[in-house]
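Data first, discussion second: the structure below is written as structure tokens.
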Amino acid sequence: MSSEFAIQVSNLSKCYQIYETPRDRLKQFIIPRVKRTLLRHSENYYREFWALKDVSFEIQKGETVGIVGRNGSGKSTLLQLICGTLNPTHGEVRTNGRIAALLELGSGFNPEFTGRENVYLNGALLGLSREEITSRYDRILAFSEIGDFINQPVKTYSSGMVVRLAFAVAINANPEILIVDEALSVGDELFQRKCFSQIEVLRASGATILFVSHSGGTVVDLCDRALLLDSGERLALGTPKQIIGRYQKLIYAPEHKRNSIRQEIAQEQLQAAACETETLTPAAIPELRKVIESTPPNEISDSFDPALKPSSTINYESHGAFIEEPAIYSLDNKRVNNLTRGKRYRYRYSVRFENTANNIKFGMLIKTTNGIELGGGTSAASLRNSLPSAEAGSKIEVEFEFSCMLNPGVYFLNAGVVGDLEGNETFLHRLIDAAMFRVLSESDNLATGTIDFACHSRIDFAKV
């Protein structure tokens, strides 16, 4: 284990005793004690539920790590054990730095106290002196935006007001470790952006951040690594893009296939050291730049490179539909994967139906090498406009035409087909990183960032 750790979790397990009736709880309290006194063996009147089972990992100082998993997978239990609000059944947690945590709505708040009183109470729990809290009080009040309600009992607050105040206290405690358990999903969009902006400031200052989220885009955008939990076990730990892809594959799998997919993910974790084409390590970036810039500016043209294909493709479990032959074509019908900025292209794939499907929609999505979703499209905006049905044995050709408004770099494409499955709209099949393409460099490109918004500059010299 590194000496630069922020959080160390070693063989962590948590078991709960589940009683069928209150009578069984009373029996467990009395009968085993009596039988032990009489040197007789006693049965247990409860069943064990292991919320966490032998979980180990280490988070370095300054890292941002996201935790994902299905409901009931042990995410919240893990955070509570790290914060010390729960005691483990087995294993050990070590932390290195001041922790600020938002574990659940209103946790640590006394509903009878006013907001102001709870600010001082929470600040003290975070290790701040009264003088430190007083010096930061105005900042906390301004960030929470609850105004005069600060002098009202917290029990009169809305859920949004509670989480605003809780986050305002936590973020102004200057934590070395910030732990957030999906609490920010309560706020509106403006408040969420405000919170994430503060999280980015914390990251830049070197704080360690650990949070639970069901938003794959948030995890990919904010995190250095991600942890996938399932049924209380650590299933995978790796780059956000890899982990989110595996997490989505797991949650969209039919129930009878979940165990086999769990085993597949565990096996992939063992092979995680294998190189992936789309992973831009520091050593790989100069090579990629060399390839991109090897084409002279006056010879830039669309072309197809057979070596430019993803090795990170994740194939969702099929519900009777199969996506095949995803590829990009120029408008004159040539297959390409070296694209020119500003031109239009067609992304095509076919879908083969082994079962009859109803209310069908098709989709595509473009992502960066880090998995950040840039945008895409769907074939229908609503159920009313979707394809009514596709018969078993049929094959449908799908095409999306798009403008390449991206700056030079490497990008990935998803493909998906959605339909009605037992009354629920779900993926009948989906391919993550189904195809990839490169946008070629240009010597006179003035655009910055990832997306080219076709900005034009104008400079005027003002008279003095």
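The values are calculated or read from the model by the stated rules, or taken from the named source; none is laboratory data. Computed from a predicted model, the values in this text were never measured in an experiment. With ideal geometry, Cβ positions are generated from the backbone for all residues, glycine too; neighbour counts draw on all protein chains shown.
Quick check on region 419-432: of everything there that is touching a residue at least 40 places away in the same chain (Cβ under 8 Å) and surrounded by fewer than 23 Cβ atoms within 10 Å (Cβ to Cβ), which residue is nearest to Lys367 (Cα to Cα)?
The selected residue is Leu431.
Looking at region 407-464, which of its residues are within 26 Å of Leu387 (Cα to Cα) and either in contact with a helix residue (DSSP H, G or I) (Cβ under 7 Å, 6 or more places away or on another chain) or assigned to a loop (DSSP other than H, G, I, E, B) (or both)?
Correct list: Glu422, Gly423, Ile432.
Only strands (runs of 3 or more DSSP E) wholly contained in region 32-118 count here; list those with 1 or more residues that are polar (S, T, N, Q), surrounded by fewer than 15 Cβ atoms within 10 Å (Cβ to Cβ) and at pLDDT 90 or above.
Counting at least 1 such residues, we get 47-60.
If Leu121 satisfies every condition in (1) surrounded by fewer than 15 Cβ atoms within 10 Å (Cβ to Cβ); (2) more than 30 Å from Gly217 (Cβ to Cβ) but one, which is the exception?
Leu121 satisfies every listed condition except (1).
State which residue is surrounded by the fewest Cβ atoms within 10 Å (Cβ to Cβ) when the search covers only region 335-363 and only residues that are closer than 11 Å to Ala321 by Cα and among the β-branched types (Val, Ile, Thr).
So in region 335-363, the residues closer than 11 Å to Ala321 by Cα come out as 350-357, 360.
Filter once more, keeping what is among the β-branched types (Val, Ile, Thr): 351, 356, 360.
Values: Val351: 23, Thr356: 13, Ile360: 21.
In this case the residue turns out to be Thr356.
Restricting to region 124-140, count the residues that are out of contact with any Gly (no Cβ under 8 Å at 6 or more places or on another chain) and either within 18 Å of Pro111 (Cα to Cα) or among the hydroxyl-bearing types (Ser, Thr, Tyr) (or both).
Result for region 124-140: 5.
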